[in-house]
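Chemist: One structure, pasted below without further comment.
The values are calculated or read from the model by the stated rules, or taken from the named source; none is laboratory data. Predicted model only: the values in this text are computed from it and were never measured. Cβ placement follows ideal geometry from the backbone for every residue including glycine, while neighbour counts extend to all protein chains displayed. Heads up: the accessible areas ignore ligands, DNA and RNA and are worked out on the full protein's heavy atoms, side chains in. Shrake-Rupley method; radii C 1.70, N 1.55, O 1.52, S 1.80 Å.
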Amino acid sequence: PPTSLSQTEDPHLPDLNPTSPGSQQNVVVLSLLLALALITNLTAFPVILFRRTRFGNGQFACLIFCLTVCDLVTVSCGLVGGLILEVGDMSWVGKSQDCAAYYFISSWLVGLSNYLVVCLVCMVLVKRAAGILARLQECKLLLLSLIVITLLPAIPELAIRSTISATPQGYSVCILTTHHHSYGLYVAFKLIIRHLLPAICVLLCLLRPRTVVAKRISLIFMGEPAVCECGPSGSVLARPHECPKMTRSKPDILRDTEVTDMINVMEKAKNTIPAMVEDPVRRTYKRILAVTFITTSTLYILVDLSFQIQSAVTSSFLTSSTSILNMEELAESRHEANLGTTLYILMFCQQIINPAIFLYSEFIST
């Protein structure tokens, strides 16, 4: 629950820090999540880095590479830091700025991973260059925009996180130095920008794929689509065409059986936004990724709201009591502890699912 500095100085509260009943189960859950996350991400990382994927080695594969790297850093930072805090009974060794920086980085990485999923599901037109550095160069505007957008819900962490000594021996904990109204705005802003908005975008793209808006946004960030570079002096050709290089290299945007008629229509109406029929493997990947992302985001929002309501009830009881509270009353309730553990699972579950979906699409899906 939100805790202000004045509340931590209440003379009716004892100096001892009661151990949460959910601390042990959090340690077990975080350890399992960390093991699964490292297994899936470290398995997917060399595959996407060194193997010519079934998607081709174009911009789509490049964005999967960015997502895998982001997921790996997210779980390494968030889960390892959370595990250290849980093992130490939420004690913090360091300055207030370190506490704020940790929560800022963790929140930013989770948001960045969510918006990379949005780009993979929603963007329909991508370019293709010869190497991975050139493909990263092509999507620099997209990546910079994602960094700015995902920084917004993480910036408040720098202002509201602080540490306070809980005992005369210097035992410190990382707390939220804010009041109820500002804390409510912080929670609402974080849930809307980091979880609700990406989930809505993915849902819309799942219901209405390859819309004019999606194609327009893709053109803004990625430029005109190109799948081959066999023009004069290696120039990029703006329309698909027949050549041995396309057949051999499996371009980023692949053509289905009915694409011939579509190309003919495109040539007759060059002023319209072009649309391509995607590879079936990519469509399967995007469909599974979208469904799992919507599910985990929706569950996270619902559980987080339940946790905030339970925390508000507990905080109201503790601050309104005029008698000396015993340790059982100060301890976290079993229901609140279970909600907190569930939040841990849902926050980092998608970072485990993302590489698993890629591996399934690459080696199992037909």
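Chemist: Restricting to segment 45-65, name every residue that is out of contact with any helix residue (DSSP H, G or I) (no Cβ under 6 Å at 6 or more places or on another chain) and within 18 Å of Gln351 (Cβ to Cβ).
Modeler: Pro46, Val47, Leu49
Chemist: Which is surrounded by fewer than 19 Cβ atoms within 10 Å (Cβ to Cβ), at pLDDT 75 or above and not β-branched (Val, Ile, Thr), of Asn354, Asn326, Asn338?
Modeler: None of the other options fit; the residue is Asn338.
So that you can scan it fast, the table gives a plain yes or no per residue for (1) part of a helix (DSSP H, G or I); (2) modelled with pLDDT of 90 or more; (3) of a type in the set (Phe, Trp, Tyr):
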| position | (1), (2), (3) |
| --- | --- |
| Asp71 | yes, yes, no |
| Ala100 | yes, no, no |
| Gly111 | yes, yes, no |
| Arg128 | no, no, no |
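Chemist: So, one more: Filter segment 173-194 down to residues that are outside any loop (DSSP other than H, G, I, E, B) and hydroxyl-bearing (Ser, Thr, Tyr) and give me whichever is modelled with the highest pLDDT.
Modeler: Tyr186
Chemist: Can I ask one more? Please work out if Phe50 is open to solvent by 10 Å² or more (accessible area, probe 1.4 Å) and modelled with pLDDT of 85 or more. Break it down stepwise before answering.
Modeler: Values: open to solvent by 10 Å² or more (accessible area, probe 1.4 Å): yes; modelled with pLDDT of 85 or more: no.
For Phe50, the condition - open to solvent by 10 Å² or more (accessible area, probe 1.4 Å) and modelled with pLDDT of 85 or more - is not met.
Chemist: Do you know which residues across segment 69-91 are open to solvent by 10 Å² or more (accessible area, probe 1.4 Å), within 18 Å of Gln351 (Cα to Cα) and in contact with a Phe, Trp or Tyr (Cβ under 9 Å, 6 or more places away or on another chain)?
Modeler: Correct list: Val69, Leu72, Cys77, Gly81.
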